[in-house]
Each structure stands twice: as structure tokens, then as C-alpha cells.
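Below is one structure, written out as C-alpha cells, with a few remarks after it.
The values are calculated or read from the model by the stated rules, or taken from the named source; none is laboratory data. Quick caveat: nothing in here was measured; it's all calculated off a predicted structure. Methodologically, a virtual Cβ is constructed for each residue, glycine included, from the backbone with ideal geometry; neighbour enumeration extends over all protein chains shown. What goes into the accessible areas is simple: the full protein's heavy atoms, side chains included, and nothing from ligands, DNA or RNA. Shrake-Rupley method; radii C 1.70, N 1.55, O 1.52, S 1.80 Å.
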Amino acid sequence: MDAQPVKEVWELRLYVAGQTPKSLAAIANLKAFCESDGDHLYTIEVIDLMANPGLAKRDDIVAIPTLVRNLPEPIRRIIGDLSKRDKILIGLDIAPRQ
Amino acid sequence: MSFASVPDRAGLAKCPTGVLGFDQITEGGLPQGRPTLICGGAGCGKSLFAATFLVNGAILYDEPGVFVSFEETEDDIAKNVASLGFDLPALVAAGKLALDHVRVERGEIEEAGDYDLEGLFLRLGHAIQTIGAKRVVLDTIETLFGGFTNMAVLRGELRRLFRWLKDQGVTAIVTGEHGERMLTRHGLEEYVSDCVVVLEHRVVAQVATRRLRVLKYRGSVHGTNEYPFLIDEHGMSVLPVTSLRLDHEVSVERVTAGIPGLDGMLGGLGFFRGSSVLVSGTSGSGKSTLAAHLVHSACGRGERCAYFAFEESPGQIVRNMRSVGIDLQPWRDAGTLRFVAARPTLWGLESHLARMYDIIERFRPSIVVVDPIYTLAAVGTSSEVHSMLLRFVDLLKSRGVTGLFVSLESGNIDVELASISSLMDTWIQLRLLEENGVRNRSLFVLKSRGMAHSNAVRPFTLGPGGIQLGEEHAMAEGS
């Protein structure tokens, strides 16, 4: 048997704005997605722009919620409440774009 | 009539743009605390208009502003307006301006579920709060249409954005690209209903002219014409030619022509200040020299003069005048005489007019020379030239500026001159007459409104002292 490959660490940031239904849904959907995906190790940082509005410009956020894959490079962006799993797979470059 | 013009509703506050002329045609500027749509094609000047609005707000009216760019980076914006003399980095450093480049590219974004544009609101809100902004520019928010696929969300968010801007109490400019069937490509006019301004950059007979029109201004009177406007190193200016009312303040003050003896022919005291003077004559008859006398004497009194030269370069005029003993260079050096030289075909008539307006408003001369006016016919029909001169004379009179217009006479009876003559208060004719094998110069006051002018044909010479009037012809006595 081959040695178990070292899982790549994927660094994700989720930008939300307060405790809105969309934001809460995005957080829950992201957690569920990461737990279901056994191929990668995920670190998730949730950033509430309501508390830190200055970060919106720094990280160039327009839509809420926005999920940013910081690592591995290149940076990828997915917007929405992450209710569409197939789109997350495409957005994170796990599944190929049609 | 249901659409009769309504006087300004009491309480409709205006926000001055500081754009020369624009505040005049809108009777005060943009609607305060409301968004205005500025639309036009590529290169029409909408971004520059918007930037000018913010810079003037920050510098002249103590109203900080936020510039949100959806296309260009902060650096590019700063570079673009540096040519107008705006130093955006300095204003940013002083906390009077905030720049934000919002980058939206569809190819890089995957949409996975429901979203809104709260991030944009937060960014804008944060910028407004940080510098206490009173003015906001969104240039151009239509880019968002290329960045998102869910049109229902986008349109809903735009509607919410414009409502929100009103709630913030900021005066906003939203720019939009000219559309095919609609005013803007994505119908922004649907969201911004208070004030709509259209800019155009039109080319007629190979000459480009910029034009501005206030399409709509809810609750306010405004000029509905197309106004020429100008973008140059001083920024933007719009030429307000609204009414041609004949209600100028009339001066009884006199301005010497600067030529001994000529004042005597003009009721003894010279031209009226603020009047328009036509000097016509054949080629080489001394028209420009007469103009130079007027400028020379005015500058000697410390008055400012603007000399619009359409045929000769300033250097050439100065050299030529030196040959008849009139040295204009010291006045140029002192800054009291300003030459503005351009080939007539460089711009359209409207642009010429706008440029002249711009200089008169900024330099505030008391004497203006246009030398010569007939070359302008190269860029317009005679009725256009006439209309332009009418507006220009009107402008000079409203400012109390004395205008001297030089014109070439070619034929026997010049129809065009006759039509221009009605705009002129004084008409001096210069002649070259061949007598006994020499060409003799003479001068004649064809008309001069409001004064008892001489009807003599006076011979004159052009020498080291300029124009030297000789004795009256014996025949000229009586009337």
C-alpha cells in the first residue's frame, strides 16, 4: 500500500455582513461543505464586515457573502450563500468549469 | 399650459459644481442631497466632470468627496485629472477626498447561491464616514452589469443604493455610458430621476465640439439648450448662452483709443467702456496697429487685455508692432496682456467661443481684441459666425469689457460686414487709396452709437510712432 498522501491545507475566508439569514446560511453551508470534503484540510476565517468595514476595500469585496480561497494560489472567489454545491466545486477549482 | 416652466420650488437646495458656467445654467448646481446621472459616449468627459465636481467640492466648498471607480485604478484616475491641474493624492492625504477602485470581473467570480451588494454599501459608507463626505461619484456603476449574472438582484440593489445615497444626504454623480435605444446602456435613468445631464463630443466638418445638455432637472428651471463646453488645463467650463436679453448695464465711462486725434473723432473722449468696436479695412491698412494702440494704452493704465489672434502668432504681432514703435512685450511680461493664439480650424466655433469665455471669466480683462474675425468663417457658415459673434459681444457687454474686432474688407460692399455691423457700436474703416502714384492711408468713423462722432476722412501715416493722424480732408467739413 502507498503511504497516505499529505492533505493540502486550503485557507478560506468568508466575508459576511452581520447576522443576516444569507450570512448565517453561508456559514452553515460552508461548514457542511468542508466537513463533507475529505480531500483537503480547510481553515475557515469568518470576517464580519459590519464590525470591520475597512476590510471591504482592502480585500475588494462587493457582494455579500463572498468566499475567498487565499491558498492555494491563485486566489479564487465565490459569491452567494453557498447553497449550490456544484458551484462551490467549480469556484474552488475542484471540479472543472463547463 | 401644464408644462409651463415653474419657478424654483422653494427649498430646492443646490450643490455648486464650481464648473464655470454649469452652475449658471442650472441656477446653482446639482440637486443637493440627490443623485444626478451624467451620461455620454466614450471620451465625452463625464469622468472629468465628476472629478471636477469632487475636487471643487473639496477645495472651494469644504465638502469632502468619495470617488468610486469601477473601471480605473486609483493611480489612473489621479493621472487622468493631473492634466487639469488636480492633485488628487494631496487631497487624499488631506482627508478631503477618498478614492476607491471597485474591481468587478465576472470571469473570476463564481456565483453559488443568493447574494447582495452589501459589501459595496459598506465600503461606500465607511469611506463617507471616514472623511465626512458630502459628495459621491460612482464612475461608472454600469460596470456592475458586466460583473454579475443575476439581473434581478442587481437591479434591486441599484434601486436600494440610490435610496441609500439619498438617506446619506450626499450629492452624488452617477456616470453612465451612452446606450443605443436608451439614454444609458443599462437604463440607469430608471433609477436616477432628479437630474440628468447629457454630454456629447460631436465632430462636424472635421472639427470636434463638446456639448452639454441638461435633459432633466426635477423641480428646477434650467437652460434646455445644448451648451458648448471645454476641457483644458484649467478644468471644465460650460458656455452659458441662455438668454440674449438686451439688459446690460451701460457705461458712460470712456476708453481712449490710444491714438492722438482719434478720441477727438469719437465725440472727443474715445470709445464707451463696454462697447464693441469694429475695425475694418483692406489688407495692410493698419487694422492690427490700431488694435495695438488700444491695448498699449490700456496696459499702460494697468488694465488687463486679452488678444485673440487667429492669424498671426503672438511673437509675430509683437515684432510687427515694434516696427511701428509699439512695444507690447513688457505688458506680456508683466502679465497684463495675454495673447491667445490659435488657428481657427483648430476647434469648432462653439469651442472657440467657449475658450474665449473661459479666458474672460478667469483672466478678467477690460479690453478684448479679436484679430481677425473673418477667419472664423473658415469653420462655420456666415450665420453661425454671426450667431457666435452675437453671443460673444453679449458676453463682453455683460462683463463691461470693451471689445475690438478686426475684420478684412475685400469687395466693395461686404454683406457679411454689414450684418456684423449691427452688433457693433462703433465702426472704424481704414482705407488705402491710390493717389498720384502713392497709396495713402485714411481713417473714417463710419458709425459710433451714442456720441457725436466726426464724419471726416482723416489721412494717417504708419511710422515709428504708430498711427499718426494727419489733418482732415478739406472736403470733409459740413455734413
Chain pair A, B: total accessible area buried, heavy atoms, 1.4 Å probe, Å²: 2100 Å²
√(5λ) per eigenvalue of the Cα gyration tensor, segment B:6-242, largest first, Å: 26, 20, 19
Listed peptides B:82-93, B:336-347 by packing density, highest first (mean Cβ within 10 Å): B:336-347, B:82-93
Which listed pairs, of A:57/A:87; B:46/B:166; A:84/B:166, have C-alpha distances above 27 Å, in listed order: A:84/B:166
Translational D in µm²/s for the protein assembly as shown (Stokes-Einstein at 37 °C, 0.692 mPa s, Kirkwood Rh from C-alpha pairs): 117 µm²/s
Rounded percent of accessible protein surface that carbon and sulfur make up, segment B:6-242, 1.4 Å probe: 49 percent
Low-density loop cleavage sites - chymotrypsin sites (Phe, Trp or Tyr not before Pro) in chain A, where at most 14 other Cβ are within 10 Å (DSSP): none
Shielded by partner chains, segment A:72-98 residues - at least 40 Å² of accessible area, 1.4 Å probe, vs chain alone: A:77, A:79, A:87, A:97
Chain B: relative contact order as a whole-number percent, Cα under 8 Å and 6+ apart: 15 percent
Cross-link partners of residue A:22 among aspartates and glutamates (Cα-Cα below 16 Å; sequence separation of 8 or more within a chain): A:48, A:81, B:111, B:114, B:116, B:118, B:157
Pair-distance profile P(r), taking every C-alpha pair of segment B:254-477, with 10 angstrom steps and integer %: 8, 36, 39, 16, 2, 0
Debye log10 I(q)/I(0) at q = 0.19, 0.25, 0.27 Å⁻¹ for segment B:95-135, Cα point scatterers: -0.68, -0.91, -0.99
Kyte-Doolittle mean at least -0.5, axial Cα span of 15 Å or more - DSSP H helices of chain B: B:46-60, B:118-131, B:151-168, B:287-300, B:349-363, B:382-398
Projected-area average for segment B:284-350 over all orientations - Cα convex hull basis, square nanometres: 5.0 nm²
Antiparallel %, DSSP beta bridges [both residues in the protein assembly as shown], to 5: 45 percent
Compactness of chain B - radius of gyration and Dmax, Cα, Å: 27.3, 100
Normalised contact order of chain A, rounded percent, pairs of Cα under 8 Å and 6 or more residues apart: 35 percent
Whole-number D in µm² s⁻¹ for segment B:248-317, Kirkwood Cα-pair radius fed into Stokes-Einstein, 37 °C, 0.692 mPa s: 246 µm²/s
Complex-versus-alone comparison for segment A:53-68, residues with a loss of 50 Å² or more in accessible area, probe 1.4 Å: A:53, A:57, A:60, A:62, A:64
Where segment B:6-242 is the region considered: accessible area per residue in Å², 1.4 Å probe: 40 Å²
Heavy-atom accessible area order for A:90, A:44, largest first, 1.4 Å probe: A:44, A:90
